[in-house]
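Input: a single structure, listed below in structure tokens.
The values are calculated or read from the model by the stated rules, or taken from the named source; none is laboratory data. In this text the structure is predicted, and so the values were computed from the model without any measurement. When we count neighbours, we look across all protein chains shown, and the Cβ atoms used for this are built from the backbone with ideal geometry, even at glycine. Just so you know, the surface numbers come from the protein's heavy atoms only, side chains and all, with ligands and any DNA or RNA stripped out. Shrake-Rupley method; radii C 1.70, N 1.55, O 1.52, S 1.80 Å.
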Amino acid sequence: MKRSRILLVVAFLLVGLLIMAACNRNGEETPVEPDVEEQATPEPPPVDDNDEEEEYEGLDIDEILEQVEDDHPLAALHAIQARFPLMSGGRSDGQRIQGGHINMGINSSDPAPGVLNAVFWTSGVDADLMGPTGIADGLIRMTPTMMMGQQGPATYEVDRDRQVITVTLNYEIYWHDGVRLTLNDLVFAHEVIAHAEYPLAGGTRFGLNQQRIVGIMDYHNGDADYISGLVLSDCEMILEFHFTEFPPTLLYFGIWTTPYPRHIFGDIPIEDHPGHERSRVNPIGWGPFVVQNIVAGEAVYAVANENFWAGRPHLDSVTTRIVHPSMIPSMMLNGDLDVVPFLLQDYPDMPNPTNFMYLGDVANTYNWVAFNLGDWNPETGELEVYDMETARMGNPNLRRAMAYASNEELLTEGLFNGLRFPATSFIPPGHSTFLDPTLRGFPYNPELAMELLDEAGFTVGDDGWRTFPDGSELILHFVISGQDDPSQVTVATHYAQAWEDVGLQVYIDWVDWTAKTVNIFQADNWDWDVTTAAWGAGANPDPNVLWGDTSNNRARYLNPTLRDHLVGFGSDDAWDLDWLIGHFHEWQHMMVEFIPAFPTNWRISLVAVNNRVGGWFIGLAPDEPIAREIGLWHNVYVTADEPYRH
């Protein structure tokens, strides 16, 4: 199957004739409804072929791979991906059934936090539980190049001169409780995210792009009662976003497009939103399935939405439930699950199953190790970087030595069976056009690690362990989650052993993230030195999202050089494609030099799908436009009443 083109679209789209459902000058609305009976895919708004604005396209993946050596992890990653299809079709000897029920498993060794809320969820497990309901869905769909597209329920226009993006809602959409959804609900989402109490309540989405909206900081600081840069039409079907800065990364979902029901949460204090009954017991969305029952932390049962904007889904109902990783292989073989993300470490045990198939795609995800180099102050919304002369992890040679001591090839081959690959950069595969092909990460080199430690004065004491240069005891507090997950135990043991092999004593501190009411990495004076985690990079390649002045910055580190460079991603210069590529390359080299963290691995994503399930897709293949126009759950169907069993 032809692979999707890799993102290098630093584009500027002017789309004409786009009002399918909008307001005229008198504020009247003319919604266009889809053909529900035929399950038709809505036609995208017509594009003006005479548009003279310059449009930039990204490099094809083959062009990207020509820039890297044959043994580069990115080349190996795509070679493995080519073995797997992107979409299931159901068994050829079965007929599509109208209706039916499927069980989707969510791979987790811990219970779900259970925050089924569009602007307060933080766990990917909760995101999966919400999947069929549309609670966390955006109104604008994604293109294969990860830009905002024009095929979904809402479309957009760009006016670079005015620094405005205009969003138009093209269909009559209803929340699951029957209340009309309008772009006033999108305004409300911004009012909550930008509110001063939002971070204190556990919210994490007031990022750089939101802060670029005109007037939003006045609202955040309490100097205004509304956000002046959000201009809503009288009919509430058109919303203008006015920006103080207008970088091209705004087109990579740099605007928030997920509505939040004002009629439900509008009169509720923000601090009560995450724990409210409407977030945990009886949440509503606007997607193809409606929540009927929730088993707290475990499962969500949802039934077909008869009033879905694109027509009734094929299935009658869906159950999404937490499944312990150790149970997934046997449950797929027994037909207890229809769909589930499959662990890479389990793949060799059943490479050729008879009752299910694998879908696979290159994940736009990377894992990394970060060091404790500062604090995040939720009240000021700023990083507070430690003095590197006195910080426990302040010596860059200590951090660099730990990177070289980590044998990533052993981990990816041994535990993940060659379906993960050593990462060479913080630019993940989905944004690989911006990846500097000359970088090779930190190849395993324990001898170099020990030389770096010796040169920096981390000498070995009589007990065999290294000390700080001043002679004080050095025990690294390594924070990691997933103590009940055997693979996480292996990962933790692997890194701890690697660092101990070069003389660094390590204490593994297991943390249950779901039991924490606040992000421990935002807490003051929390005792940790090093941690590891994964990051789903999403559509926006801007490194400010994770490594800028944000609570997402797990290392909590910026210096003046990095800070000044990050500003460039939001400048007018960034509209020059060649300039932007060079700027990305420079930033990647800076991260190697300052090493607040280091990337560890990229991966293939596998999904196991029972042979009776059709219409399930992974990734954003260009030849599967339905995936981008309406979304996943609307199109899934079954060809048999019961799952096939091994």
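Quick notes on this structure:
- Eigen-decomposition of the gyration tensor built on the alpha-carbon atoms of region 270-359 gives equivalent ellipsoid semi-axes of 30, 19, 11 angstrom, largest listed first.
- Listed residue (P153, A118, M130) projecting farthest to the positive dipole end of region 116-170, Cβ model: P153
- Accessible carbon and sulfur surface of region 549-601 relative to its total accessible area, %, 1.4 Å: 50 percent
- Region 304-369, accessible area per residue, ligands and nucleic acids excluded (1.4 Å, Å²): 30 Å²
- Reported value for region 410-508: 142 Å³ per residue, from the convex hull of its C-alpha atoms.
- Whole-Hz couplings from phi, Karplus 6.51/-1.76/1.60, listed for region 119-132; x for Gly and Pro: 10, 10, 5, 10, 9, x, 5, 4, 4, 5, 4, 7, x, x
- Distance cut-off 25 Å, percentage of C-alpha pairs in region 363-476 lying past it: 40 percent
- Size of region 527-640 from its Cα atoms: along the principal axes, largest to smallest, the extents are 60, 42, 21 Å.
- Long-range amide H partners of I173 with built H, under 5 Å: L181
- When the alpha-carbon atoms of region 422-465 are used, the pair Rg, Dmax equals 16.2, 50 angstrom.
- Building the convex hull from the alpha-carbon atoms of region 330-410 and averaging its projection over directions returns 9.8 nm².
- Surface exposure of region 84-209, expressed per residue as accessible area with a 1.4 Å probe, stands at 31 Å².
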